[in-house]
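Chemist: I'd like to ask you about the structure that follows.
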Amino acid sequence: MHPVLKTVLGRLGLGLATLFIVSIIIFSAIEMLPGDFGQAILGQAATEETVAAFRRELGLDEPPYIRYMQWVGSAIQGDLGTSFSGRNASGTDRSREVIDLLAPRLWNTLFLAGITAIVAVPISLFLGITSALYRNSIYDRTVNTTTLTTISFPEFFVAYILILLLSSLYPVFPSLANVDASTPFTERLYRSALPALTLTLVIVAHMMRMTRAAIINLLASPYIQMARLSGASQTEVILKHALPNAWAPIATVIAFNLAYLVVGVVVVEVVFVYPGVGQLMVDAVTSRDIPVVQGCALIFAITYILLNLIADIIGIITNPRLLHPK
Amino acid sequence: MSKLEYRAMQELKYKSGQIDRRTFVRSLLATGVALPSALSLAGQVAAATPKSGGRFRMGLGHGSTTDTLDSATSENHFTLVNGYTFGNHLTEVSNTGELIPELAESFESDDAQKWVFNLRQGVEFHNGKTMTSEDVVASYNHHMGEDSTSAAKGLLTQVKSLKADGKNKVIFELENPNADFPFIVSDYHISIRPAGDMASGVGTGGYILQSFEPGVKSVLKRNPNYWKEGKAHFDEVELISIIDPTARQNALTSGDIDSMDRVDLKTVNLFKRNKDIYIWDATGTAHYTFPMRLNVPPFDNYDLRMALKWSIKRQELVDKILLGYGAVGNDHPISTANRYHNSDLPQREFDADKAAFHYKKSGHSGKIQLSAADAAFAGAVDAAQLMAASASEAGMEIEVVREPKDGYWSNVWNNDAKGWCACYWGGRPTEDWMFSAAYTDDTEWNDTAWKTTDSAVKFNSLVKEARAELNDSKRRELYYECQRLIYDDGGTICPIFNSYVSANSKGIATDENIAANWDSDGAKCVERWWFA
């Protein structure tokens with residue numbers, strides 16, 4: 001079997017095992033949340049009677065292990081269950097499948113993560129490589145200071161500053177990014193501009209500095225010395241000799257940031273009223289809508305596992321030593 | 001015809017376009033109004049005349065992905081506004097606070113126990129079906145019965161039976177007489193929907209639901225067949241859930257929305273400087289309380305409760321917690337917006353001597369714990385700290401326990417584990433409703449457990465008596481006494497009534513009276529407002 005394929009399969013297997021453990025953790029963590037759906041949805045209006053009616057209807061009176069088996073069993077078949085909200089005993093059942101609830105939001109989140117990545121990844125690579133190239137120059141210092149400044153401010157602060165500059169003082173972009181399924185593509189891009197810009201500012205520093213560090217680290221190696229002695233220019237040394245060996249750590253940090261873009265941008269979603277999956281999960285946790293929380297958590301886990309898998313594969317492909325073991 | 005009548009008649013004609021401005025001003029002059037006043041009157045009338053058209057976009061500080069179109073689980077302000085926009089009820093609370101018939105044309109009762117509602121005829125649902133008594137009965141049954149998960153279930157346990165009498169009449173038979181029953185049926189939960197379809201958002205309201213994405217937005221279009229005259233002026237409506245107050249204010253200043261609720265009080269003075277918007281506020285029945293549980297010591301002690309009631313600087317709470325947008329409360333839940341507010345009770349103020357006197361008499365010593373979290377209301381923890389500070393001036397020690405926001409309503413409020421906590425009430429349009437929600441001995445929300453003292457027993461019998469009483473002055477007397485009993489012996493500390501503070505762009509016009517029973521003009525702003 002091809003070594004890459006073998007590694008990929010091995011990693012996938014490990015990923016599945018991780019996913020299984022994660023599912024147990026998710027389930028037990030949710031079990032430990034105080035209160036339940038009935039209490040949360042009715043708030044002050046929760047009386048023992050109505051809460052009991054809710055519990056009966058949702059099957060929450062079953063023991064936890066049975067509910068866990070049911071959940072995992074159907075999740076394997078691709079059925080994430082039905083949201084608790086919208087159910088009602090005496091009329092038509094208007095509750096929605098978790099997947100229907102998740103899909104449009106997940107698409108929004110992936111869209112935002114995608115356009116942010118398209119902007120942020122090339123910029124960080126470019127800045128990282130050039131600042132390694134001109135190490136300790138004014139350019140290097142400026143790039144470092146600027147990106148470190150933007151990453152050091154909390155996201156909502158960066159977001160508000162951008163709103164102030166680009167939406168209030170100089171109205172270029174809208175401050176409301178409430179896109180929906182019917183929003184045309186260009187309108188969607190236009191509306192998502194500010195959240196994407198905010199996220200770009202937040203993640204560039206991490207990726208850029210990792211690129212720079214990985215390359216500089218290699219510059220001290222004997223084979224780079226050799227390349228230099230054989231007359232390669234600085235640009236050649238970095239692009240041809242150092243960069244290929246630096247891909248593994250760079251890919252890891254990019255994967256990490258992309259995963260963050262999918263799972264961790266709820267603050268930006270709230271500020272720009274962007275209907276992403278983060279807000280959905282927070283709402284679901286607050287109201288104890290367990291199937292939705294579980295569905296979101298599962299998808300987040302899969303995102304991390306997949307992106308790390310891809311980073312690993314890139315690391316292996318770019319490293320002949322790992323590609324041809326022994 | 002008197003001058004005033006003539007003027008009113010001419011005003012109506014002018015509003016409806018039967019006469020022009022010149023004729024209207026001339027008729028004002030003829031009745032003795034001086035020219036400058038006549039001109040300004042004409043201007044006012046013109047501005048107050050609703051115009052139709054436009055797309056109204058409103059940013060609301062509530063809304064969650066768990067929201068539904070089923071009014072039985074409506075609980076946040078987004079679902080309220082949305083529900084009132086596409087649906088109607090048997091009665092409604094008008095913008096001046098009066099109860100007026102809505103889908104019922106009229107209602108009557110001889111003994112307050114049997115209520116007859118005559119339905120408006122020829123009203124159509126959005127799906128083209130004509131509303132009949134069958135739909136009304138089905139809509140009510142949706143909230144009643146063993147298996148109902150409706151939040152209005154408790155409200156309707158008083159209904160013994162309900163039946164249709166022909167197509168246009170519904171008869172309610174109550175367990176006990178209730179003179180305020182017509183108010184109950186205006187409750188936002190009890191929306192009238194076509195039988196068999198309680199949850200898809202088909203109603204009789206001024207707007208037809210086009211799309212609804214829970215926690216995101218709701219898009220509606222004007223109902224061309226709306227039966228109510230002079231209401232629902234916008235062509236299209238977009239209700240957008242914008243939880244973050246800063247995002248909401250940004251959206252309003254940048255023109256992405258036309259109106260918003262829940263202005264952030266911390267920045268309201270800066271916000272006011274914007275020339276394109278105006279801030280308005282309405283003080284209604286909403287209030288913040290600090291219920292003490294009488295079944296948890298030391299709050300069973302009358303003097304200790306009294307000591308705490310005298311140890312609060314109420315105006316300070318209004319100034320610092322509400323930034324002036326509110327009014328002081330008098331330790332009972334009936335606001336000045338209610339019909340029978342007892343204005344004879346002296347306003348309780350901070351009085352260190354009286355507090356110290358009662359505290360000494362109570363014989364209590366040591367710390368008194370007060371649980372608070374901002375889940376109760378924004379600034380609840382700060383308010384508790386202020387109360388602790390003023391109480392220490394009277395020699396009492398209050399320890400503020402900061403509770404987690406999450407699960408506050410199940411673990412802290414109305415829970416014997418905590419004797420004293422912070423709470424909010426949206427208020428109720430009638431005295432009886434408010435009392436039976438939180439103060440009588442048969443409600444589960446009796447968060448003060450005030451049930452067994454002599455005053456509480458008397459209170460409970462008075463509430464029952466008043467409920468059955470149709471004579472206005474007798475009811476007033478009874479409710480005055482009820483308020484006095486809570487004020488004196490009750491377990492609640494009600495220091496402040498909070499106002500609803502909202503902001504509109506200058507383009508939005510409203511009637512001069514804005515309802516205060518709920519935020520956003522009684523949550524009916526969409527059908528009441530228009531673009532000037």
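Chemist: Is the stretch B:489-502 home to any residue that is assigned to a loop (DSSP other than H, G, I, E, B) and hydroxyl-bearing (Ser, Thr, Tyr)?
Modeler: No, the stretch B:489-502 contains no residue that is assigned to a loop (DSSP other than H, G, I, E, B) and hydroxyl-bearing (Ser, Thr, Tyr).
Chemist: While we're on this one: Kindly provide the set of residues from the stretch A:148-187 that are over 20 Å from the mean Cα position of the chain (by Cα), in a helix (DSSP H, G or I), buried (at least 16 other Cβ atoms within 10 Å of the Cβ) and more than 8 Å from chain B (Cβ to nearest Cβ), ordered by number.
Modeler: Within the stretch A:148-187, A:162, A:166 qualify.
Chemist: Another question, then. May I ask you to verify whether residue B:426 is small (Gly, Ala, Ser) and more than 18 Å from residue B:304 (Cα to Cα)?
Modeler: When the stated conditions are applied, residue B:426 passes them.
Chemist: Among the residues of the stretch B:150-168, is any among the hydroxyl-bearing types (Ser, Thr, Tyr), within 26 Å of the chain's Cα centre (by Cα), over 28 Å from residue B:515 (Cβ atoms) and surrounded by 19 or more Cβ atoms within 10 Å (Cβ to Cβ)?
Modeler: Keep residues of the stretch B:150-168 that are among the hydroxyl-bearing types (Ser, Thr, Tyr), which gives B:150, B:157, B:161.
From what's left, within 26 Å of the chain's Cα centre (by Cα): B:150, B:157.
From what's left, over 28 Å from residue B:515 (Cβ atoms): none.
Looking for residues that are among the hydroxyl-bearing types (Ser, Thr, Tyr), within 26 Å of the chain's Cα centre (by Cα), over 28 Å from residue B:515 (Cβ atoms) and surrounded by 19 or more Cβ atoms within 10 Å (Cβ to Cβ), one finds none in the stretch B:150-168, hence no.
Chemist: Suppose we filter the stretch A:300-314 for residues that are within 10 Å of the chain's Cα centre (by Cα) and not hydroxyl-bearing (Ser, Thr, Tyr); how many remain?
Modeler: Adding up the residues that qualify gives 3.
Chemist: Please verify whether the stretch B:200-217 includes one or more residues that are in contact with a Leu (Cβ under 9 Å, 6 or more places away or on another chain), more than 19 Å from residue B:155 (Cβ to Cβ), of a type in the set (A, V, I, L, M) and within 14 Å of another protein chain (Cβ to nearest Cβ).
Modeler: Yes, the stretch B:200-217 has at least one match.
Chemist: Taking into account only those residues within the stretch B:240-252 that are at pLDDT below 90 and part of a helix (DSSP H, G or I), which is surrounded by the fewest Cβ atoms within 10 Å (Cβ to Cβ)?
Modeler: Going through the qualifying residues, I end up with B:246.
Chemist: Would you check which residues across the stretch B:62-99 are within 16 Å of the chain's Cα centre (by Cα), more than 14 Å from chain A (Cβ to nearest Cβ) and outside any helix (DSSP H, G or I) and list them?
Modeler: B:89, B:91, B:92, B:93, B:94, B:95, B:96, B:97, B:98, B:99
Chemist: Only residues that are away from chain B (no Cβ under 14 Å), under 14 Å from residue A:101 (Cβ atoms) and of a type in the set (Ser, Thr, Tyr): list them for the stretch A:247-296, please.
Modeler: Once the filter is applied, which keeps residues that are away from chain B (no Cβ under 14 Å), under 14 Å from residue A:101 (Cβ atoms) and of a type in the set (Ser, Thr, Tyr), the stretch A:247-296 yields nothing.
Chemist: Going by what's in this entry, would residue B:216 be described as under 30 Å from residue B:469 (Cα atoms) and not charged (D, E, K, R)?
Modeler: Values: under 30 Å from residue B:469 (Cα atoms): no; not charged (D, E, K, R): yes.
So residue B:216 does not fit the description; no.
Chemist: Check off (1) within 14 Å of chain A (Cβ to nearest Cβ); (2) touching a residue at least 40 places away in the same chain (Cβ under 8 Å) for residue B:281 and give me the number that stays unchecked.
Modeler: Here residue B:281 clears every test but (1).
Chemist: Name the residue that is farthest from the other protein chains (Cβ to nearest Cβ), counting only residues in the stretch B:218-251 that are in contact with a strand residue (DSSP E or B) (Cβ under 6 Å, 6 or more places away or on another chain) and under 29 Å from residue B:317 (Cα atoms).
Modeler: The residue in question is B:248.
Chemist: Output yes when any residue across the stretch B:220-236 is of a type in the set (D, E, K, R), at pLDDT 95 or above and within 24 Å of residue A:272 (Cβ to Cβ), and no when none is.
Modeler: Step one: filter the stretch B:220-236 for residues of a type in the set (D, E, K, R), giving B:221-222, B:228-229, B:231, B:235-236.
When the remaining residues are screened for being at pLDDT 95 or above, the result is B:221-222, B:235-236.
Those left that are additionally within 24 Å of residue A:272 (Cβ to Cβ): B:236.
Yes - at least one qualifying residue is present in the stretch B:220-236.
Chemist: Just to be sure I understand the filter: pairs with C-beta atoms under 7 Å, separated by 6 or more residues or on different chains, first member in the stretch A:59-84 and among the aliphatic types (A, V, I, L, M), second member surrounded by 13 or more Cβ atoms within 10 Å (Cβ to Cβ). Which pairs pass?
Modeler: Listed pairs, sorted by first residue: A:60/A:36; A:72/A:23; A:75/A:298; A:80/A:98; A:80/A:99; A:80/A:291; A:80/A:295.
Chemist: What single numbered condition from (1) modelled with pLDDT of 85 or more; (2) surrounded by fewer than 21 Cβ atoms within 10 Å (Cβ to Cβ); (3) more than 30 Å from residue B:248 (Cα to Cα) fails to hold for residue A:311?
Modeler: With (1) modelled with pLDDT of 85 or more; (2) surrounded by fewer than 21 Cβ atoms within 10 Å (Cβ to Cβ); (3) more than 30 Å from residue B:248 (Cα to Cα) applied to residue A:311, the lone miss is (2).
Chemist: On the basis of being more than 29 Å from residue B:264 (Cβ to Cβ), more than 23 Å from the chain's Cα centre (by Cα), assigned to a strand (DSSP E or B) and charged (D, E, K, R), does residue B:221 make the cut?
Modeler: Values: more than 29 Å from residue B:264 (Cβ to Cβ): yes; more than 23 Å from the chain's Cα centre (by Cα): yes; assigned to a strand (DSSP E or B): yes; charged (D, E, K, R): yes.
Considered against the rule, which asks whether it is more than 29 Å from residue B:264 (Cβ to Cβ), more than 23 Å from the chain's Cα centre (by Cα), assigned to a strand (DSSP E or B) and charged (D, E, K, R), residue B:221 comes out as yes.
Chemist: Inspect all residues belonging to the stretch B:336-345 and state whether any of them is over 23 Å from the mean Cα position of the chain (by Cα), closer than 30 Å to residue B:473 by Cβ and part of a helix (DSSP H, G or I). Step through it out loud before you land on a result.
Modeler: From the stretch B:336-345, those over 23 Å from the mean Cα position of the chain (by Cα) are B:344-345; that's our starting set.
Filter once more, so that each one left must be closer than 30 Å to residue B:473 by Cβ: B:344-345.
Subset that is part of a helix (DSSP H, G or I): none.
Looking for residues that are over 23 Å from the mean Cα position of the chain (by Cα), closer than 30 Å to residue B:473 by Cβ and part of a helix (DSSP H, G or I), one finds none in the stretch B:336-345, hence no.
Chemist: The conditions are (1) modelled with pLDDT under 90; (2) closer than 30 Å to residue A:160 by Cβ; (3) crowded, with 19+ Cβ neighbours inside 10 Å, and residue A:264 fails exactly one of them. Which is it?
Modeler: (3)
Chemist: Tell me whether the stretch A:276-297 contains one or more residues that are among the hydroxyl-bearing types (Ser, Thr, Tyr), touching a Leu at 6+ places or on another chain (Cβ under 9 Å) and not in a helix (DSSP H, G or I).
Modeler: For the stretch A:276-297, residues among the hydroxyl-bearing types (Ser, Thr, Tyr), touching a Leu at 6+ places or on another chain (Cβ under 9 Å) and not in a helix (DSSP H, G or I): absent.
Chemist: What is the residue count in the stretch B:387-417 for residues that are under 24 Å from residue B:439 (Cα atoms), assigned to a loop (DSSP other than H, G, I, E, B) and within 11 Å of chain A (Cβ to nearest Cβ)?
Modeler: Step one: list which residues in the stretch B:387-417 are under 24 Å from residue B:439 (Cα atoms), which gives B:387, B:407-417.
From the residues that got through so far, the ones that are assigned to a loop (DSSP other than H, G, I, E, B) too are B:407, B:412-417.
Pick out the ones that are also within 11 Å of chain A (Cβ to nearest Cβ) and you get B:407, B:412-414.
Within the stretch B:387-417, residues that are under 24 Å from residue B:439 (Cα atoms), assigned to a loop (DSSP other than H, G, I, E, B) and within 11 Å of chain A (Cβ to nearest Cβ) number 4.
Chemist: Take the stretch B:114-173 and flag every residue that is hydroxyl-bearing (Ser, Thr, Tyr) and in a strand (DSSP E or B). Before you say what the answer is, go through the steps one by one.
Modeler: Within the stretch B:114-173, the subset hydroxyl-bearing (Ser, Thr, Tyr) is B:130, B:132-133, B:139-140, B:148-150, B:157, B:161.
B:130, B:161 - these are the residues of the stretch B:114-173 that are hydroxyl-bearing (Ser, Thr, Tyr) and in a strand (DSSP E or B).
Chemist: For the stretch B:356-373, how many residues meet the condition of being hydrophobic (A, V, I, L, M, F, W, C), out of contact with any Lys or Arg (no Cβ under 8 Å at 6 or more places or on another chain) and crowded, with 17+ Cβ neighbours inside 10 Å? Outline the logic, then answer.
Modeler: Step one: of the stretch B:356-373, the residues hydrophobic (A, V, I, L, M, F, W, C) are B:356-357, B:368, B:370, B:372-373.
Now narrow it down to the ones that are out of contact with any Lys or Arg (no Cβ under 8 Å at 6 or more places or on another chain): B:356-357, B:368, B:370.
This time we only want the ones that are crowded, with 17+ Cβ neighbours inside 10 Å, so: B:356, B:368, B:370.
Adding up the residues that qualify gives 3.
Chemist: Of these, A:133, A:80, A:127, which one is at pLDDT 85 or above and crowded, with 21+ Cβ neighbours inside 10 Å?
Modeler: Numbers: A:133 fails: crowded, with 21+ Cβ neighbours inside 10 Å; A:80 fails: at pLDDT 85 or above.
After applying the criteria, what remains is A:127.
Chemist: So for the stretch B:131-147 (the condition being surrounded by 20 or more Cβ atoms within 10 Å (Cβ to Cβ), more than 14 Å from chain A (Cβ to nearest Cβ) and either at positive phi or within 25 Å of the chain's Cα centre (by Cα) (or both)), does at least one residue qualify?
Modeler: Yes, the stretch B:131-147 contains a residue that is surrounded by 20 or more Cβ atoms within 10 Å (Cβ to Cβ), more than 14 Å from chain A (Cβ to nearest Cβ) and either at positive phi or within 25 Å of the chain's Cα centre (by Cα) (or both).
Chemist: Just one of the numbered conditions (1) touching a helix residue (DSSP H, G or I) at 6+ places or on another chain (Cβ under 7 Å); (2) polar (S, T, N, Q); (3) without any contact (Cβ under 8 Å) to a residue 60 or more places away in the chain is not true of residue A:217; which one?
Modeler: Evaluating residue A:217 over (1) touching a helix residue (DSSP H, G or I) at 6+ places or on another chain (Cβ under 7 Å); (2) polar (S, T, N, Q); (3) without any contact (Cβ under 8 Å) to a residue 60 or more places away in the chain leaves (1) as the failure.
The values are calculated or read from the model by the stated rules, or taken from the named source; none is laboratory data. Since the model is a prediction, treat every value here as computed from it, not as a measurement. Quick reminder, even Gly has a Cβ in these numbers, built from the backbone with ideal geometry, and neighbours come from all protein chains shown.
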